[in-house]
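The structure appears right after this line, and notes come after that.
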Amino acid sequence: MNLTHIEHLGIAVKSLETAIPYYESVLGLKCYAIEEVAEQKVKTAFFKVGQTKIELLESTDPEGPVGKFIEKKGEGVHHIAFAVNGLQETLDMVADKGLTLIDKAPRKGAEGLNIAFLHPKSTFGVLTELCEDPNK
Ligand code: CMX
């Protein structure tokens, strides 16, 4: 697998409006984008820390993945996303190794990235996202 860096950490919050001031006023980061990803039933807010981003996730539907996560576990780290070169080949390789894929083929995520998730039951409890920038 050709991972290049941690693309972002996804953090589930109940409300972007109440969480963003902590990231801006206390951590001194700047929210540079807010984007709704309707398919994922989330609204996202992005911050950069060096090469890595923080993606805050507010659920727009209690039955969506983040809504269910917050109901079960509360706010906190929801997933880790690695940037990878060759996403489809990587997914095929991971499937060959017997891991459970949530997405067998890439789909569109926030910021126009191609993304795919690996099931946390196959990855020691950490929901894992692989992303590839189609413009690189
Ligand atoms: N991290 C670790 N474990 C998680 C988890 C997470 N983020 N979300 C769910 N789980 C665990 C649950 O705790 C549960 O474990 P137990 O069986 O031990 O209780 C198990 O997975 C099943 O959880 P569930 O609430 O029944 O949820 P589902 O099986 O319906 O869905 C998952 C779980 C991971 C398949 C689903 O959330 C998913 O497809 N996620 C990928 C998409 C996503 O998360 N989108 C939001 C972010 C989008 C973005 O970044 O833009």
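Every number here is computed from the coordinates shown, using simple stated rules; none is lab data. For clarity, every value in this text was computed on a predicted model and none was experimentally measured. Don't worry about glycine lacking a Cβ; one is built from the backbone with ideal geometry, like all the others, and counts go over all protein chains shown.
Brief remarks on what is shown
- Counting neighbouring Cβ atoms within 10 Å and putting the fewest first, the residues 59, 25, 15 line up as 25, 15, 59.
- Each of 111, 39, 129, 24 was scored by other Cβ atoms within 10 Å of its Cβ. Listed from fewest to most, they are 39, 24, 111, 129.
- Taking the chain as a Gaussian network of alpha-carbon nodes connected by springs under 10 Å, the highest mean-square fluctuation of the residues 40, 51, 88 belongs to 51.
- Sorted from greatest to least, the principal axis extents spanned by the alpha carbons of region 35-112 come out as 33, 31, 21 Å.
- Computed label-point distance, nm, for sites residue 48 and residue 33 using a 7 Å Cα→Cβ extension: 1.1
- Among the listed pairs 72/121; 30/72; 53/136; 108/136; 43/68; 14/68, those beyond 19 Å (Cα-Cα): 30/72
- Between 83, 105, 116, the Gaussian network model of the chain with springs among Cα atoms under 10 angstrom shows the greatest mean-square fluctuation at 105.
- Distance between the C-alpha centres of region 4-42 and region 44-58: 5 Å, rounded to the whole angstrom.
- Rg/Rh, computed from the Cα trace of the chain with Rh as the Kirkwood radius, has the value 0.96.
- Aspartates and glutamates whose Cα lies under 19 Å from that of residue 41, excluding same-chain neighbours fewer than 8 positions away: 17, 55, 58, 61, 63, 71, 75, 103, 111, 129
- For the chain, calculated [θ]222 nm from helices alone, where every DSSP H run of n ≥ 4 adds -39500 (n - 2.57): -5000 deg cm²/dmol
- Options 115, 23, 42, ranked by Cα towards positive dipole end of the chain, top entry (Cβ charges): 23
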